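Participant: Could you have a look at this structure, given as structure tokens, before my questions?
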Amino acid sequence: MEAGNNIKKKSTLVPEPALRRMPCYLAYLKLEHHKGSQYVSSTLIARDNGVDPTQVTKDLSYTGITGKTRVGYEVEPLINALEDFLGFRVMDEAYLFGAGSLGTALLHDHGLVQYGLKIVSAFDVNPPVIGHSIGGVSIAHVDEFLKKQEHGTRIGILTVPAANAQEVAHMMIANGIKAIWNFTPVRIAVPEGIVVQNTSLYAHLAVMFNRLNSLEAPAPAEDAD
Ligand SMILES: NC(=O)c1ccc[n+]([C@@H]2O[C@H](COP(=O)([O-])OP(=O)(O)OC[C@H]3O[C@@H](n4cnc5c(N)ncnc54)[C@H](O)[C@@H]3O)[C@@H](O)[C@H]2O)c1
């Protein structure tokens, strides 16, 4: 994987559900590759991923790879194409804002690098953490970010308290950040041309609770005549 400020390949706008399925296909294909499979059919990918085969074919066509009649997709080239397409093979650098509980967890996460994201600096305002290093990344005061004139880094991870989210987002954008991975529960307002990706564990938790509770809920009573 290349490091530095390589620009990821310009990609066309792909529907979000397809983009969300692709890393699952990738993980699946890597397992198949590990098991020694050379080819895998769209029917098999569909069955094991709980997706319609036509959907699989359409999703994978975005990578530019098509399956062969009868044998399906060649596993290794498809893995490479998916990784390329998803931008996982070129390393992007990111700054992290807010090295608290969640920020620390992200700084310790080795998985991000495998997906093409390297946190190169973290910024906070809390004196006890400034000057320390977490997961090999040093924590500086946000003033240091403001002092930097040139930022090759275009991605900022936002893990500050909700009350500071908008103000920190403004500061990030004013100083060159183009994409914000927002973990705060605040729907931050940004000017046009700035990418925001909101991520919440709790939103998924709410869905899980709802699904679980609806399983356990008594069946609705039949209408009496
Ligand atoms: N998306 C999720 O799934 C998820 C999960 C947990 C927490 N969160 C959210 O993530 C955020 C952080 O949560 P936490 O538990 O790590 O909180 P925390 O209080 O442990 O950490 C927040 C950090 O931000 C720093 N900070 C405050 N103001 C700042 C500023 N202006 N500039 C830079 N740093 C600043 C604080 O000093 C602290 O170190 C919160 O908004 C929380 O709601 C989201």
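Participant: Taking segment 163-202, which residues are within 9 Å of the ligand (Cβ to nearest atom) and either surrounded by fewer than 16 Cβ atoms within 10 Å (Cβ to Cβ) or among the acidic types (Asp, Glu) (or both)? Write out each step before concluding.
Facilitator: Taking segment 163-202 first, the residues within 9 Å of the ligand (Cβ to nearest atom) are 163-165, 167-168, 171, 182-186, 198-202.
Selection gives Ala163, Glu167, Pro185, Asn198, Thr199, Ser200, Leu201, Tyr202.
Participant: Moving on to the next point. In segment 99-135, how many residues are loosely packed, with under 13 Cβ neighbours inside 10 Å and either part of a strand (DSSP E or B) or in contact with a Leu (Cβ under 8 Å, 6 or more places away or on another chain) (or both)?
Facilitator: Number of matching residues: 1.
To keep it simple, each residue is scored yes or no on (1) of a type in the set (Gly, Ala, Ser); (2) buried (at least 18 other Cβ atoms within 10 Å of the Cβ).
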{"residue": "Gly36", "(1), (2)": "yes, no"}
{"residue": "Ile45", "(1), (2)": "no, yes"}
{"residue": "Gly67", "(1), (2)": "yes, yes"}
{"residue": "Tyr73", "(1), (2)": "no, yes"}
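Participant: Which one is surrounded by the fewest Cβ atoms within 10 Å (Cβ to Cβ), of the residues in segment 79-98 that are among the acidic types (Asp, Glu) and in contact with a strand residue (DSSP E or B) (Cβ under 7 Å, 6 or more places away or on another chain)? Even if it seems obvious, please write down each step before you answer.
Facilitator: Filtering segment 79-98 for residues among the acidic types (Asp, Glu) gives 83-84, 92-93.
If we keep only those that are in contact with a strand residue (DSSP E or B) (Cβ under 7 Å, 6 or more places away or on another chain) too, we end up with 92-93.
Numbers: Asp92: 22, Glu93: 18.
My answer is Glu93.
Participant: Can you tell me how many residues within segment 121-137 are more than 11 Å from the ligand (Cβ to nearest atom) and of a type in the set (Val, Ile, Thr)?
Facilitator: Number of matching residues: 1.
Participant: Kindly list, by first and then second residue, each pair from a residue in segment 178-191 that is farther than 16 Å from Ile155 by Cβ to a residue that is aromatic (Phe, Trp, Tyr), limited to pairs with Cβ atoms under 9 Å and residues at least 6 apart or on different chains.
Facilitator: Final answer for the pair search is Pro185/Tyr202.
Participant: Go through (1) part of a loop (DSSP other than H, G, I, E, B); (2) within 25 Å of Thr104 (Cβ to Cβ) for Glu192 and report which single condition fails.
Facilitator: Only one criterion is unmet by Glu192, namely (2).
All of the numbers you see were taken from the coordinates with simple rules; none came from a lab. Keep in mind that what you see is a predicted model, and the values were worked out from it rather than measured. Reconstructed Cβ throughout: ideal geometry from the backbone, glycine too, with neighbour counts over all protein chains shown.
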